[in-house]
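Novice: The following block contains the structure, expressed as structure tokens.
The values are calculated or read from the model by the stated rules, or taken from the named source; none is laboratory data. Every value quoted in this text rests on a predicted model; they were computed, and no experiment measured them. Here the Cβ positions follow ideal geometry from the backbone for every residue, glycine too, while neighbour counts run over all protein chains shown. Calculation scope for accessible area: heavy atoms of the full protein, side chains included, ligands and nucleic acids excluded. Shrake-Rupley method; radii C 1.70, N 1.55, O 1.52, S 1.80 Å.
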Amino acid sequence: MNKPLEAPELLTVSRLLPEFKDMPGGLMPLLHAIQEALGFIPASAVPMMAEAMNLSRAEVHGVITYYHFFRSKAPGKHVVQVCRAEACQSCGSEELLAQTEALLGCKLHETSADGRFSLEPAYCLGLCASSPAVQIDDKLYARMNQTRMARLVADIGSAS
Ligand code: FES
């Protein structure tokens, strides 16, 4: 059973629904708006969204789970995204990803035990000529390697 919506989550979803409910194809922008506001899309909001958008719960759930960038759980304080698209893969992003998993102590799509970092994939961050690329929160980093990643994580972790 899904956790009931907390009051702030309920307020946010209730505030956003009228903006998108009559928009053709409004589900995607609604989901983006909810994730932007809350950091994730609460599973308990699916029935409200389905009713407002005149869709089945399965349809809404299917869209949320199909797209890798929608989160169903609150992320850690910082989100580390390692690019897994072709140019970055050819420059070692899979090795960097494995090293980052070990560094953070969590796998892809998971959050570290201390709640400070979530690890997510990205599929091209627009820095292909300077691969491998990483995004941490809103900042992009090019030509990443294990040493730079360890330093960044230590700096960000100690500042928060
Ligand atoms: S493939 Fe990684 S930034 Fe484009």
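Novice: What's the ranking of 77-85, 36-44 by average number of surrounding C-beta atoms within 10 Å, highest first?
Specialist: 77-85, 36-44
Novice: Also, quick follow-up: Send over a whole-number figure in Å² for the accessible area per residue of segment 78-159, probe 1.4 Å.
Specialist: So segment 78-159 comes to 51 Å² accessible per residue, rounded to a whole number.
Novice: Moving to a separate point now. Which net charge results when you count Lys and Arg as +1 and Asp and Glu as -1 among the other residues whose beta-carbon is under 13 Å from that of Glu95?
Specialist: Residues near Glu95 contribute -1 overall.
Novice: To the nearest 10 Å², what's Asp22's accessible area with a 1.4 Å probe?
Specialist: Counting only protein heavy atoms, the figure is 120 Å².
Novice: Report the net charge of residues surrounding Val79, where surrounding means a beta-carbon distance below 14 angstrom and charges are Lys +1, Arg +1, Asp -1, Glu -1.
Specialist: My count for the surroundings of Val79 gives 0.
Novice: When averaged across all projection directions, what area in nm² does the alpha-carbon convex hull of segment 78-159 cover?
Specialist: Taking the Cα atoms of segment 78-159, their convex hull projects to 4.5 nm² on average.
Novice: Tally up the carbon and sulfur contribution to the accessible surface of the chain as a whole percent, 1.4 Å probe, everything protein left in place. Present the calculation step by step, with values, prior to reporting the outcome.
Specialist: Numbers: 4840 of 9010 Å².
Whole-percent figure for carbon plus sulfur exposure: 54.
Novice: Let me ask something else about it. Name the long-range amide H neighbours of Ala85: under 5 Å, sequence gap of 5 or more, or other chain; modelled H, no Pro or chain starts.
Specialist: Those qualifying (amide H under 5 Å, at least 5 residues apart or on another chain) are Cys124.
Novice: From Cα pairs below 8 angstrom and at least 6 apart in sequence, can you work out the relative contact order of segment 78-159, rounded to a whole percent?
Specialist: Computed over segment 78-159, the figure is 35 percent.
Novice: If you build the Cα gyration tensor of the chain and take the root of 5 times each eigenvalue, what three semi-axes come out, in whole angstrom, biggest first?
Specialist: Largest first, the chain gives 32, 18, 13 Å.
Novice: Let me ask something additional. Compute the accessible area per residue over segment 7-66, keeping the other protein chains in place, probe 1.4 Å, unit Å².
Specialist: Ligands and nucleic acids excluded, the result is 55 Å² per residue.
Novice: Let me ask you something else. Around Leu27, with a cut-off of 13 angstrom between Cβ atoms, what is the net charge of the other residues, counting Lys and Arg +1 and Asp and Glu -1?
Specialist: Residues near Leu27 contribute -2 overall.
Novice: Still on this structure: Order Ser90, Ser112, most accessible first, counting only protein heavy atoms with a 1.4 angstrom probe.
Specialist: Ser90, Ser112
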